[in-house]
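The values are calculated or read from the model by the stated rules, or taken from the named source; none is laboratory data. These numbers were taken from a predicted model, which means no experiment stands behind them. Here the Cβ positions follow ideal geometry from the backbone for every residue, glycine too, while neighbour counts run over all protein chains shown. Ligands, DNA and RNA are stripped out before the accessible areas are found, and what is left, the full protein with its side chains, is counted by its heavy atoms. Shrake-Rupley method; radii C 1.70, N 1.55, O 1.52, S 1.80 Å.
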Amino acid sequence: MFGKRPERAIPMLRDNKSKADILEETGLTVGVNKASFEVNDGEVFVIMGLSGSGKSTLVRLLNRLIEPTSGAVYLNEQNLAEMEEKTLRSVRRRDMSMVFQKFGLFPFRTIQSNVEYGLEVQGMGREDRGKKATDALSLVGLDGYEKMLPEELSGGMQQRVGLARALANDPEILLMDEAFSALDPLIRKEMQDELMDLQENMKKTIIFITHDLDEALRIGDRITIMKDGAIVQIGTPEEILTNPANDYVEKFVEDVDRSKVYTAQNVMTRPETVQPEREGPRVALQRMRNSGISSIYAIKRDRELLGIVHADELSQLVDEGIDDFRGVIHNDVLRVEMETPVTEVIDLIKNSKVPAAVVQDGKLRGIIVRSSVLGALSGGEVNINGSVSEPTSR
Amino acid sequence: MDLFPSLPLADWIEDLVDWLTNADLIFDSIDALIAWILTALQTVMDIIPIPVFIIGLPLVTYFFAGRKIGLTLFVFVGLFLIDNLGFWNDMILMLSIVLAATIISVAVGIPIGIWMSKSNVVETIVKPILDFMQTLPQFVYLIPAVAFFGIGMEPGVIASVIFGMPPTIRLTNLGIREVSSEVIEAADAFGSTSSQKLYKVQLPMARTTIMAGVNQTIMLSLSMVVIASMIGADGLGDIVYTAVGRNDVGGGFEAGIAIVIVAIILDRLTAGFQLKKKN
């Protein structure tokens, strides 16, 4: 709760008044409300939401950079919200570290001394902290940059310093506030992969804030979606994708409104196909194996859509020695036109096990998988040539 | 006509000043402290032989203020000229007033600036006081300065402090408040105490801004020397003041130019330190 005498709004929140009503009546802004969740040891817990959804406030409540008006944060049975200054400081020094969106590095300190900071304030001796900082820096692949200043490094490298600084005091918990959002997309992917590699060995509890659905899906063990300071849904990436709470899709419709503008052709990707007229079941299976999918679309030479074939049926044909698989093509595939709005596509593919086929005059132009729709709505670009890496069906 | 009799503001202030003069002990100790600082500065500067000064200061300028040949030459020629005109001792006296005022302004101003940056209430209270200090005509507070500290160098220092300190306070406050909130959050998130945050993060990051304030303070103190000479402060300012009384154009300009030379040297030197620390 932000504003003067914030305790005024607590009863109003109990009465389930909306954020807008409270703002109008009291001039107070609700930062985070009724966000209850548990994070398990060693998991990557992603908190996702658009700007203003309260996700950054939420993470700052966890280490009390922002004082909660009411509520509790438990870490191993200790309530951080009611902790004394001194105990809180020791928790911040030993148990949880934070990585910031714009890195939050100290510009006048060298890389080495930036990484040492957390140890320095604990009162650790120069030699010990120097060694730990060097270790942390080599962990993130920054050997040899110790003497440089932050401004001499690129954004990606600066954030590695931020990460090294957070790892140097070997905390149980890492709080990462939009840690990769300021980086350009390629570096961002690289950092995500590296974080995952590090996590393999470290098994820290990571609380990761992002507004990027792709990022959330890539790194999250569980994902929490926030809206207006409240939690809308908590689940594994799989659950979020296969069973989005209604509000979730709605949120994109309201807040982003991309779905009204986007049509099927904006979110389709290039399909893997086979041509039964000249290719056999072995070719089809080989192609599916290469792209990691279990169903493939069958088309004529002129790309006219015939239907879909499934891997299990194809391997049966191979076993029986039959070289023509036209008999196992399923014709009942989900077809949408190029101009079909994405809102309709979402409804159609929600319950479909295979991707929808985008057709124009009966010819296959592309396919739509669930994740690419969500990705596009969350702001990602769908490249027609982009890897159709998502399994089309399971 | 006399429906609203004029307020006896002048009487009140006089009563206040009279009452304050009773606090002799405080003013006497401040007076003694300033006198001590002045003597210390003069002694140190007098120990250095003039030729060493004339050659040494340009070298310091060269190595600490950006290795500028032109500026170095200027410092050398300027100091030589001051000595040549016979103003050396007056310059030392003036410098001791300016430096004493600067030392006091920094010692008092930076803590006040820090306090201001930590509390909005303090900022709200101090800001108008600073405006008052800077805009009140200097002659006005020369009168009570004499009442409290008598005639001489000390009230001159006090007047220079009153006029020169505000920039140090303001820019210390500004410099600390300017430190980006994420860096402050980082300092907090790693468990800094508030003094660790101040000394390890806020002050180092505000250093350039604070130095700009100190530079301003030196310049303003220097601009007070002529006015301070009216209440008995010796030095180059006094020569200018005497020249005004005698309508001595040439003599006035000689001393005036010497003041300008000192001002330029002090300004470039402190600005040079700023630059050096920034890199």
Check: Hey, among B:ALA212, B:ALA187, which residue is within 30 Å of B:ILE265 (Cα to Cα) and either more than 10 Å from chain A (Cβ to nearest Cβ) or touching a helix residue (DSSP H, G or I) at 6+ places or on another chain (Cβ under 6 Å) (or both)?
Finding: B:ALA212
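Residue-by-condition table, conditions (1) open to solvent by 40 Å² or more (accessible area, probe 1.4 Å); (2) modelled with pLDDT under 90:
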| position | (1), (2) |
| --- | --- |
| B:PHE139 | yes, yes |
| B:MET165 | no, no |
| B:THR168 | no, no |
| B:GLU178 | yes, no |
| B:ALA187 | no, no |
| B:VAL201 | no, no |
| B:ALA212 | no, no |
Notebook entry, point to check: If a residue has to be free of Cβ contacts under 8 Å to residues at least 40 places away in the same chain and either within 13 Å of chain B (Cβ to nearest Cβ) or of a type outside the set (Lys, Arg) (or both) to count, how many in the stretch A:117-154 make the cut?
Noted result: 23
Check: Restricting to the stretch A:68-101, what's the tally of residues that are part of a loop (DSSP other than H, G, I, E, B), open to solvent by 30 Å² or more (accessible area, probe 1.4 Å) and at the interface with chain B (Cβ under 8 Å from one of its Cβ atoms)?
Finding: 1
Margin query: With the structure loaded, tell me whether A:ALA20 is surrounded by fewer than 19 Cβ atoms within 10 Å (Cβ to Cβ), at pLDDT 80 or above, assigned to a helix (DSSP H, G or I) and more than 10 Å from chain B (Cβ to nearest Cβ) or whether it fails that test.
Written below: no
Check: open to solvent by less than 10 Å² (accessible area, probe 1.4 Å), more than 13 Å from B:ILE114 (Cα to Cα), part of a helix (DSSP H, G or I) and within 12 Å of another protein chain (Cβ to nearest Cβ), is that true of B:ALA206?
Finding: no
Next item on the list: Could you tell me whether A:PHE45 is of a type in the set (Phe, Trp, Tyr), assigned by the TED database to the domain that holds A:THR224, within 20 Å of the chain's Cα centre (by Cα) and more than 28 Å from B:SER194 (Cα to Cα)?
Entry: yes
Notebook entry, point to check: Out of (1) under 28 Å from A:ASP221 (Cα atoms); (2) over 25 Å from the mean Cα position of the chain (by Cα), the odd one out for A:ASP95 is which?
Noted result: (2)
Notebook entry, point to check: What tally of residues in the stretch B:171-184 results from selecting those that are of a type in the set (A, V, I, L, M, F, W, C) and facing chain A (nearest Cβ under 9 Å)?
Noted result: 2
Notebook entry, point to check: So which of B:GLY66, B:GLY78, B:GLY70 ends up being part of a helix (DSSP H, G or I), more than 25 Å from B:ASP238 (Cβ to Cβ) and small (Gly, Ala, Ser)?
Noted result: B:GLY70
Check: Are any of the residues in the stretch B:151-167 in a loop (DSSP other than H, G, I, E, B), away from every other protein chain (no Cβ under 14 Å) and β-branched (Val, Ile, Thr)?
Finding: yes
Note to self: If B:THR270 satisfies all but one of (1) within 19 Å of B:PHE53 (Cβ to Cβ); (2) of a type in the set (S, T, N, Q); (3) at pLDDT 90 or above, what's the number of the condition it fails?
What the structure shows: (3)
Check: If the Cβ limit is 8 Å and pairs must be 6+ apart or interchain, which residue in the stretch A:338-363 that is within 25 Å of A:ALA311 (Cβ to Cβ) and in contact (Cβ under 8 Å) with a residue 60 or more places away in the chain pairs with which residue that is among the polar types (S, T, N, Q) and outside any loop (DSSP other than H, G, I, E, B)?
Finding: A:VAL358/A:GLN265
Check: Within the stretch A:289-350, which strands (runs of 3 or more DSSP E) (wholly inside it) include 2 or more residues that are buried (at least 17 other Cβ atoms within 10 Å of the Cβ)?
Finding: A:295-299, A:305-310
Check: B:ASP31 passes all but one of (1) among the charged types (D, E, K, R); (2) open to solvent by 60 Å² or more (accessible area, probe 1.4 Å); (3) outside any loop (DSSP other than H, G, I, E, B); which number fails?
Finding: (2)
Notebook entry, point to check: Out of all the residues in the stretch B:75-89, which are of a type in the set (A, V, I, L, M, F, W, C), over 11 Å from B:ILE55 (Cα atoms) and free of Cβ contacts under 8 Å to residues at least 40 places away in the same chain?
Noted result: B:TRP88
Item checked: Flag if A:PHE252 is crowded, with 18+ Cβ neighbours inside 10 Å, under 11 Å from the mean Cα position of the chain (by Cα) and either in a strand (DSSP E or B) or modelled with pLDDT under 75 (or both) -> no
Item checked: Sole residue being under 11 Å from B:PHE163 (Cα atoms), of a type in the set (S, T, N, Q) and either at pLDDT 90 or above or open to solvent by 50 Å² or more (accessible area, probe 1.4 Å) (or both), chosen from B:SER96, B:SER105, B:SER117 -> B:SER105
Check: Among the listed residues B:ASP238, B:ASP234, which satisfies the condition of being farther than 30 Å from A:GLY162 by Cα, assigned to a loop (DSSP other than H, G, I, E, B), of a type in the set (D, E, K, R) and open to solvent by 10 Å² or more (accessible area, probe 1.4 Å)?
Finding: B:ASP234
Note to self: Among the numbered criteria (1) open to solvent by less than 20 Å² (accessible area, probe 1.4 Å); (2) in a loop (DSSP other than H, G, I, E, B); (3) more than 14 Å from chain B (Cβ to nearest Cβ), which one does A:GLY104 miss?
What the structure shows: (3)
Item checked: Residues of the stretch A:42-67 classified as under 25 Å from A:ALA164 (Cβ atoms) and within 12 Å of chain B (Cβ to nearest Cβ), total -> 7
Check: Got at least one residue in the stretch A:365-384 being at pLDDT below 80, touching a Leu at 6+ places or on another chain (Cβ under 9 Å), small (Gly, Ala, Ser) and on the phi > 0 side of the Ramachandran plot?
Finding: yes
